[in-house]
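Worksheet for the structure shown next.
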Amino acid sequence: MKIGAYELADNKTHVMGILNVTPDSFSDGGRFVTMDKVIEHANLMMQEGAAIIDVGGESTRPGYTMISAEEEISRVVPAIEAIKSRLDIAVSIDTYKSTVAEAAICAGADMVNDIWGLMYDKKMARLIKRYDVSVTLTHNKTKGEYNNFEEDVIAEMKKICESAEKNGIAHDKIIVDPGIGFAKSTEQNLLVMKNLDDFVALGYPVLVGASKKSFIGNTLSLPVDERLEGTLATTAVSVEKGARFVRVHDVKENVRLIKMLESIKDAGNH
């Protein structure tokens, strides 16, 4: 599939590296706020094998504090401009606000990663269509209430995608994110990982954003800085189930894991 000017193989799992220019993100808040650090870290992730850098200016961890669009723009636009002027890599903007998305696209962002699946800001769908950029649509809801979790989450994800296409967004511009950590319990997040095939079957590339999240911490009884192995397990499952993207903090380790798994799968096919 194509992200901006970048052609990414359809039969591989690609790594999206997380770059939070925020003071309060749950894993790396405050670490990459200066432009020198932004460029240094983005360059490192690119060298380690990331295909996309996902720039976020507002933390979306549980209990996060919402900031104004103006403040978010002031954080992400300089970072995106700096990355695009120095590095040859696709950039995603992690936002659910259309004004932030537009400023980011004008600064060079190649895609939008919307944790509310275009449901928070009604102008977002029109914006994506107008600029013809790729978009990640995340399953999310204000309350984690389900009649039948496995059936409901797939039906809701399908509805989000259908709504996007009805609003004129091209099928080949859509990526689906099952929404690990959003309106789901630890057990429900584990079920999403177990049943990733159901999301792949919807017919869009799937992105899994499980890196260091609380369901890993809860499962393994580990703090944020000790969740690498748990994250790698989710990446391994993502590769096996056919997800096209994993959004992670630790690029090098995940890229190596994916390369090894794909080499095993491809053995004898040459």
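The values are calculated or read from the model by the stated rules, or taken from the named source; none is laboratory data. Note that the structure is a prediction, hence the values are computed from the model and not measured. In this analysis, Cβ positions are derived from the backbone assuming ideal geometry, glycine residues included, and neighbour counts consider all displayed protein chains. Only protein heavy atoms, including side chains, enter the accessible area calculation; ligands, DNA and RNA are left aside. Shrake-Rupley method; radii C 1.70, N 1.55, O 1.52, S 1.80 Å.
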Notebook entry, point to check: Longest span of the chain, sites excluded, free of trypsin sites (Lys or Arg not before Pro) in DSSP loop with at most 10 other C-beta atoms within 10 Å?
Noted result: 144-270
Margin query: Going 7 Å from the Cα of Lys123 along its beta-carbon direction, which residues of region 71-114 have the amide nitrogen within less than 15 Å of the resulting point?
Written below: 71-73, 96-106
Notebook entry, point to check: Of all accessible surface on region 39-134 at a 1.4 Å probe, what whole percent is carbon and sulfur?
Noted result: 51
Notebook entry, point to check: Expressed in nm to one decimal, what extension gain is obtained for the pair Arg256 and Asp172 from 0.36 nm per residue of sequence separation less their Cα-Cα distance?
Noted result: 27.5 nm
Check: Measuring with a 1.4 Å probe in the full set of protein chains, what accessible area per residue, in whole Å², belongs to region 90-141?
Finding: 32
Next item on the list: Report, in deg cm²/dmol and to the nearest 500, the calculated mean residue ellipticity at 222 nm for the chain, where each DSSP H run with n ≥ 4 adds -39500 (n - 2.57) and the sum is divided by the residue count.
Entry: -13500 deg cm²/dmol
Margin query: Using the Cα centre of the chain as origin and beta-carbon charges of +1 (Lys, Arg) and -1 (Asp, Glu), tell me which of Ser68, Gly49, Met119 is placed farthest towards the positive end of the dipole.
Written below: Met119
Check: When the C-alpha atoms of region 101-187 are aligned to their principal axes, what extent does each axis show, in angstrom, from largest down?
Finding: 40, 23, 20
Margin query: Give me the one-decimal Kirkwood hydrodynamic radius in Å for region 74-138, with the sum taken over alpha-carbon pairs.
Written below: 11.6
Notebook entry, point to check: Which of Val224, Val76, Val91 moves most in a GNM of the chain, Cα contacts under 10 Å?
Noted result: Val224
Notebook entry, point to check: Whole-Hz Karplus ³J(HN,Hα) for region 238-245, in order, using 6.51 cos²θ - 1.76 cosθ + 1.60 and θ = phi - 60°, x for Gly and Pro?
Noted result: 4, 5, 4, 8, x, 5, 8, 9
Checklist line | Contour excess over end-to-end distance, with Cα ends at Lys159 and His270 and 0.36 nm allotted per residue | finding: 36.0 nm
Check: So what is the orientation-averaged projected area of the chain, using the convex hull of its C-alpha atoms, in nm²?
Finding: 13.4
Next item on the list: Considering only His139, His14, His41, give the residue with the highest GNM mean-square fluctuation for the chain, with springs between Cα atoms whenever their separation is below 10 Å.
Entry: His41
Item checked: Extension gain from Glu7 to Asp197, taking 0.36 nm per residue of separation minus the Cα-Cα distance -> 66.0 nm
Check: Using a simple charge model, +1 on the beta-carbon of Lys and Arg, -1 on the beta-carbon of Asp and Glu, nothing else, what dipole does region 100-226 show about its Cα centre, in debye to the nearest 20?
Finding: 420
Note to self: Cut-off 10 angstrom, C-alpha nodes, Gaussian network model of the chain. Which of Glu156, Glu48, Glu72 fluctuates the most?
What the structure shows: Glu156
Next item on the list: Please go through the residue pairs Lys84/Lys129; Lys123/Lys158; Lys12/Lys143; Lys84/Lys159; Lys143/Lys241; Lys2/Lys123 and name each one whose alpha carbons sit more than 26 Å apart in this structure.
Entry: Lys12/Lys143; Lys84/Lys159; Lys143/Lys241
